[in-house]
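Asker: Handing you a structure now.
Just so you know, all these numbers are worked out from the coordinates, no wet-lab data involved. Note that the structure is predicted; figures quoted are calculated from it, not measured. When we count neighbours, we look across all protein chains shown, and the Cβ atoms used for this are built from the backbone with ideal geometry, even at glycine.
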Amino acid sequence: MEKIILIKYGELTTKKANRNIFIKTLNENILNSLKRYDVKIKKDRVRMYIEAKEEELEEIVKKLKNVFGLHGIVICYKIHNNIEEIQKSSLKKIKEEIGTTFKINTKRADKEFPIPSMEMNNKIASTILKETNLKVDVHNPDIMLHIEIRKDFTYIYTKEEKAVGGYPVGIQGKGMLMLSGGIDSPVAGYLALKRGIKIECLYFESPPHTSLEAKNKVLELAKIIEKFGGNIKVHIVPFTKLQETIYKEVPHEYMITIMRRMMYRIAEKYAQKRKCKIIINGESIGQVASQTLSSMSVINEVVKMPVIRPVACFDKLEIIELAQKIGTYQTSILPYEDCCTIFVPKHPVINPCIQKAKEYEKVFDYETLIEETIEKIETVDTEEKDKYKEYL
């Protein structure tokens, strides 16, 4: 009898022909998450089994709770499909728990096992009733004992940890996240990861108007969400020259609209260069002037690549709650301004006209400025610790 970790798949169980691809990707993500541990993983179409040092199992479960694609995680006894051994192990397991009532739930996945599930429930319950002071309660038991009888082995457990669900990261390809230092975009990145999208990040900096602390803040946010999807590349865009040109040449009420159109153009070009399929951002409908439906329509017009907005229909309190849950909130509220908060006009247009936006852009050679900006983009990988530490 040994203790192992049993994984229950999440949403990927709805897949049919592609299930093996999903499971393979999930296996790779788990190995990446657990690379500092000595683990062995076995998998089939319905379960995954992780063997490791018994003293590290609890620590590994904490890591696995951040891996998308998992539905449930349990530490269980792995034993042979032997009736006497199942009885003995079930009794041992239930004696480890605290409570006065119990219920048995047997799943006989191996139909060649000679005893049906209901009969097995009665047999195990009878043993427990003889050897303990526990009583059966089928409606609201203190202890729920699960017995999974599979082809090669039987697995016995009581507690199941709920995992984050979703799809394995990377199964849907890559997206480029427009990551700022605010509350919304890290949450958007987290939600994109949950749908199986591997992300890279684009951060627009504008020194000396934005500070080194603002850059550090964004890199720290990337480091926090890294735990949900593996290492993240942060591409730092030197936006000063382009932003100052907009400030000088464009009527102030249209500054934010034009600035966002430039950001989208850069995001699309660089996303294509990095072989990303979509652009991701943290826009929430109506939250600021550039996020009204009219503004989003005018801004979005400059790109052909799909743009997804995972928090578009969340209210601010919902976004904050999720930011607190994933651990980004306290970093996001640090008081360092980024490109989207400097040079903000008193009365930005909330219903911009697309013809006016195009006219204002003709005043300066934005295409050359965009190409110059893209050429100077610097990349920091959150896994490259030595380079990353230079910023922190």
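Asker: By a straight-distance test (C-alpha under 19 Å), which lysines pair with K325 as possible cross-link partners, with residues fewer than eight away in the same chain excluded?
Answerer: List returned: K62, K63, K65, K162, K194, K217, K223, K227, K316.
Asker: Describe numerically, in nm with one decimal, the distance between label points set 7 Å from Cα along Cα→Cβ at D152 and at I115.
Answerer: 2.4
Asker: Mind jotting down the three principal axis lengths of the range 272-392 based on Cα atoms? Whole angstrom, largest first.
Answerer: Projected onto the principal axes, the Cα atoms of the range 272-392 cover 45, 38, 31 Å.
Asker: In a Gaussian network model over the chain where Cα atoms closer than 10 Å are linked, find which of E226, E96, E321 has the largest mean-square fluctuation.
Answerer: Maximum fluctuation in the GNM of the chain, among the listed residues, is at E96.
Asker: Shifting gears a bit: Return the distance in nm (one decimal) between the two label points of a simple spin-label model at R36 and K123, each offset 7 Å from Cα along Cα→Cβ.
Answerer: With each label placed 7 Å out from Cα toward Cβ, I get 4.4 nm.
Asker: Right, here's the next one. Contour minus end-to-end for C353 and K3, with contour as 0.36 nm per residue of separation and end-to-end as the Cα-Cα distance?
Answerer: Stretched out fully, the C353 to K3 stretch lengthens by 119.5 nm.
Asker: Let me ask something else about it. Compute the helix-to-body angle for 83-95: its Cα long axis versus the longest principal axis of the chain, expressed 0 to 90° and rounded to tens.
Answerer: 60
Asker: When only C-alpha pairs under 8 Å and at least 6 residues apart count, what is the relative contact order of the range 45-197, in percent?
Answerer: Here the relative contact order equals 32 percent.
Asker: Right, next: What chymotrypsin sites (Phe, Trp or Tyr not before Pro) does the range 1-103 have in DSSP loop regions with at most 15 other beta carbons within 10 Å?
Answerer: Y37
Asker: Mean separation of Cα pairs under 8 Å and 6+ residues apart, divided by the residue count of the range 189-267: what relative contact order is that in percent?
Answerer: Reported relative contact order: 34 percent.
Asker: Continuing with the same structure: For a quick check, take a GNM of the chain with Cα springs below 10 Å and name the residue from C313, C276, C339 with the largest mean-square fluctuation.
Answerer: Among C313, C276, C339, the largest GNM mean-square fluctuation belongs to C313.
Asker: Would you calculate the separation in nanometres between label points at E321 and Q172, each defined as 7 Å from the Cα along the Cα-to-beta-carbon direction?
Answerer: 2.2
Asker: Where the centre of each part is set by its Cα atoms, how far does the range 290-327 sit from the range 9-32, in angstrom?
Answerer: Going from one Cα centre to the other spans 28 Å.
Asker: For the charge dipole of the range 234-355, defined by +1 on Lys and Arg C-beta atoms and -1 on Asp and Glu C-beta atoms about the Cα centroid, which residue among I342, P306, C276 has the Cα displaced farthest towards the positive pole?
Answerer: Result: C276, furthest along the dipole toward the positive end.
Asker: Let me ask you something else. Would you compute, from DSSP H runs of 4+ residues alone, the mean residue ellipticity of the chain at 222 nm, taking -39500 (n - 2.57) per run and dividing by the full residue count, rounded to the nearest 500?
Answerer: -11500 deg cm²/dmol
Asker: May I pose another question? How big is the gap, in Å, between the Cα center of the range 142-180 and the Cα center of the range 105-136?
Answerer: Between the Cα centre of the range 142-180 and that of the range 105-136, the gap is 25 Å.
Asker: Using a Förster distance of 22 angstrom, determine the FRET efficiency expected from the C-beta separation of D142 and K53, and round it to 0.05.
Answerer: According to the calculation, E is roughly 0.15.
Asker: I would also like to ask the following. Under 10 Å, Cα contacts only: if you run a Gaussian network model on the chain, which one of N27, N82, N351 comes out with the highest mean-square fluctuation?
Answerer: Of N27, N82, N351, the most mobile in the Gaussian network model is N82.
Asker: Continuing with the same structure: Give the Cα extents of the range 159-255 along the principal axes, in whole Å, largest first.
Answerer: Sorted largest first, the three principal extents are 61, 25, 21 Å.
Asker: Note down, for the range 174-389, the three equivalent ellipsoid semi-axes (square root of 5 times each alpha carbon gyration tensor eigenvalue), biggest first, whole angstrom.
Answerer: Largest first, the range 174-389 gives 26, 19, 17 Å.
Asker: Something else about it: In this model, which of K24/K275; K43/K93; K8/K107 are farther than 19 Å apart at the alpha-carbon?
Answerer: Beyond 19 Å between Cα atoms: K24/K275; K43/K93.
Asker: Follow-up. Could you work out the relative contact order of the chain, using alpha carbon pairs under 8 angstrom and six or more residues apart, expressed as a whole percent?
Answerer: Taking the mean separation of contacting Cα pairs over the length of the chain, I get 17 percent.
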